[in-house]
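*Asks:* Below you'll find the structure I mean.
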């Protein structure tokens, strides 16, 4: 059950994060940094070192990739910091679950951008709030494995 500590924290802060990101285009450190710490502690408390290793590798890869994209101006650092607890939690359940969550998030974000561009509401140089899509993908991917781990 410890592997869900980060998910429980994100459950408390998903709506505030979405609202803040939509309004201000930022994800505050006072919410994202504790999510990282709590999620890391939670997965460490499981003692399932194989899964912990996969989760840490997934989160580190997302952090490094996200930081590189941030330097290019393609991703905000708030999104990068949100990717870490997402990577830790989904990675604990397996890289496949992480791929589903991120794939869905970027698919939905891409669809949103295409529709908004078709409606001429944004241009190719516009930015969007990515946090809501990351959280939607996270929740869609984590529900089934989380429920399975609780039901055991």
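Just so it is clear, none of the values below were taken in a lab; they were calculated from the coordinates. Remember, predicted model here, so these are calculated numbers, not experimental data. A quick note on method: Cβ atoms are made from the backbone with ideal geometry, for glycine too, and the neighbour counts reach across all protein chains shown.
*Asks:* Name the most mobile residue of 78, 131, 47, meaning the one with the largest mean-square fluctuation, in a Gaussian network model of the chain with Cα contacts below 10 Å.
*Replies:* 47
*Asks:* Find how much the distance from residue 12 to residue 107 grows on full extension, using 0.36 nm per residue of separation minus their present alpha carbon separation; answer in nm with one decimal.
*Replies:* Length difference between fully extended and current span is 31.7 nm.
*Asks:* Here's another thing I want to ask about it. For residue 51 and residue 70, compute 0.36 nm times the residue count separating them, minus their Cα-Cα distance, and round to one decimal in nm.
*Replies:* Difference between extended and current length: 4.1 nm.
*Asks:* Between 0 and 90 degrees, rounded to the nearest ten: what's the tilt of helix 49-71 against the longest Cα principal axis of the chain?
*Replies:* The helix 49-71 is inclined about 20 degrees to the chain.
*Asks:* Separate question: Once both axes come from the Cα atoms, what is the angle between helix 95-118 and the longest principal axis of the chain, in degrees from 0 to 90, rounded to 10?
*Replies:* 10
*Asks:* Kindly express, to the nearest 10 degrees and within the range 0 to 90, the angle between helix 29-46's C-alpha long axis and the longest C-alpha principal axis of the chain.
*Replies:* 30
*Asks:* Describe numerically, in nm with one decimal, the distance between label points set 7 Å from Cα along Cα→Cβ at residue 151 and at residue 1.
*Replies:* About 1.8 nm separates the two model spin labels.
*Asks:* Oh, and also: Springs between alpha-carbon atoms under 10 Å, Gaussian network over the chain: tell me which of 133, 71, 40 tops the mean-square fluctuations.
*Replies:* Fluctuation is largest for 71.
*Asks:* Also: With only alpha-carbon atoms counted, please give the Rg and Dmax of segment 11-94, in Å.
*Replies:* Looking at segment 11-94, its Cα Rg and Dmax stand at 13.1, 40 Å.
*Asks:* Cα gyration tensor of segment 47-137, axes a ≥ b ≥ c as square roots of the eigenvalues: rounded (a/c below 1.5), prolate (a/b > b/c) or oblate?
*Replies:* On the way: a/c = 3.41, a/b = 1.96, b/c = 1.74.
Prolate shape, in that a/c is at least 1.5 and a/b is the bigger ratio.
*Asks:* Which residue, 123, 39, 89, has the most motion in a Gaussian network model of the chain that connects Cα atoms within less than 10 Å?
*Replies:* 123
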